[in-house]
Amino acid sequence: MIDKLEMFIALAHARHFGRAAEECGVTQPTLSAGLKQLEEQLGVMLVWRGTRFQGLTPEGERVLDWARRIVADTRAMRDEMRAARHGLTGVLRLAVIPTALSAVTALTTPFRARHPQVRFRIVSRSSAEIRTMLEDLEADAGVTYLDSEPLGRVRSQPLYRERYMALAPAGGALAGRESLGWAELAALPLALLTPEMQNRRLVAQHMAEAGAEADPVLEANSVITLVTHVVEGGLATVLPAALAELFARIGDLDAVPLVAPEAEHLIGLVAPERDPATPVVAALMQEARRFAAAAAD
């Protein structure tokens, strides 16, 4: 039954029979037959059918919750038995908000030193996408904001506080400045992350608190794209302090703290609320606690 539950989870996520079949590595007729068998075993209809996927039935929504729990527990059991035989192995899938991608190396590098047989697959995603990926068992853990939007059913470990700086070409609008007010950003040609990114929403929030509006001339879902347009296009952007200072050191750029208000937000590691956690996630949480303790010293 586990393979059929995995097909059902894939369909609920993809909302398309063909894409779900591709995700599961089976043909579409095989996926359809598996779902039909699952419905027969459970005695309920799970999917509204037509010429295309039309959504889950109320019973299907309830079964989806059970399916996620059962599949997650089965995977956790397999991982624990494999760890008992061989130590920690496999691929740890980590989804990270764009502004934390550089900081996550301080978590993954010591983890790899302790567990060299574990490999990482790291993807950049928005905070909402990370929540969905954890629910759909597409990621083992995430690094995201802990204090701004709902996290869902997760366990979390704070890592550090994100503070913000303005970044612009050297000798330009930030030359000689020790700080910049959020309201003053409105006078600069801005490059900001796209609206689905929580960092962008926070920038807009803090500018609004200062009586200004975020009206960028360029939007992108990549920090590298933003910085490239600062360097090559003469724009300005807003980045976490660690990133802004890094780019200021290696490029011909000025970075100054943003004030009025002096904003900060908590970044942390999140993983599905599951007891027991998989061995690799438990080890990653332990590494996160070490990271946080070191950052607090």
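Quick note: the coordinates plus some simple rules give every number you see, no bench work behind them. Owing to the predicted nature of the structure, the values given are computational and were not obtained by experimental measurement. FYI the Cβ positions are ideal-geometry reconstructions off the backbone, even for glycines, and counts take in every protein chain you see.
Axis of helix 105-114 versus longest Cα principal axis of the chain: the two differ by about 50°, to the nearest ten degrees.
Largest first, the three principal axis extents of the alpha carbons in region 101-183 are 48, 32, 19 Å in whole numbers.
Once the Cβ-Cβ distance of Thr105 and Trp66 is raised to the sixth power relative to R0 = 35 Å, the FRET efficiency obtained is 0.40.
When Rg and Dmax are taken over the Cα atoms of the chain, they come to 22.4, 72 Å.
When Rg and the Kirkwood Rh are both derived from Cα coordinates, the Rg/Rh ratio for region 119-227 amounts to 1.02.
For Val44 and Arg112, compute 0.36 nm times the residue count separating them, minus their Cα-Cα distance, and round to one decimal in nm.
Values: separation 68, 0.36 × 68 = 24.48 nm, distance 4.55 nm.
Gain on stretching Val44 to Arg112: 19.9 nm.
Can you tally the net charge around Val259? Count Lys and Arg as +1, Asp and Glu as -1, for every other residue whose Cβ sits under 13 Å from the Cβ of Val259. Intermediate results must be reported in sequence, preceding the final value.
Working: positive: Arg163, Arg177; negative: Glu178, Glu184, Glu209, Glu262, Glu264.
Neighbourhood net charge equals -3.
On a 0 to 90° scale, report how tilted helix 241-250 is relative to the longest principal axis of the chain, with both axes built from alpha carbons and the result rounded to the nearest 10. With both axes taken from Cα atoms, the answer is about 60 degrees.
Based on the Cβ-Cβ distance from Glu59 to Asp136, what FRET efficiency comes out when R0 is 22 Å, to the nearest 0.05?
Details: r = 19 Å, r/R0 = 0.87.
Result of the calculation: an efficiency of 0.70.
The Cα trace of region 139-198 gives Rg and Dmax of 16.3, 47 Å, the first to one decimal, the second as a whole number.
Taking the Cβ-Cβ separation of Glu213 and Glu264 as r and a Förster radius of 35 Å, what is the calculated FRET efficiency to the nearest 0.05? The computed FRET efficiency comes out at 0.95. If one computes P(r) from the Cα atoms of region 250-295, what percent of pairs lie at distances over 14 Å? When all Cα pairs of region 250-295 are counted, 68 percent exceed 14 Å. Taking the square roots of five times each eigenvalue of the Cα gyration tensor of region 217-297, the equivalent ellipsoid has semi-axes of 34, 16, 13 Å, listed largest first. Computed over region 1-139, the percent of Cα pairs more than 17 Å apart is 66. Once both axes come from the Cα atoms, what is the angle between helix 58-86 and the longest principal axis of the chain, in degrees from 0 to 90, rounded to 10? Once rounded, the angle reads 80 degrees.
Considering just Cα atoms, how many Å³ per residue does the convex hull of region 153-285 enclose? Working shown, then result.
Values: hull volume 16.0 nm³, N = 133.
Convex hull of Cα atoms, per residue: 121 Å³.
Estimated translational diffusion coefficient (Stokes-Einstein, Kirkwood radius over Cα pairs, 37 °C, 0.692 mPa s) of region 22-62: 301 µm² per second.
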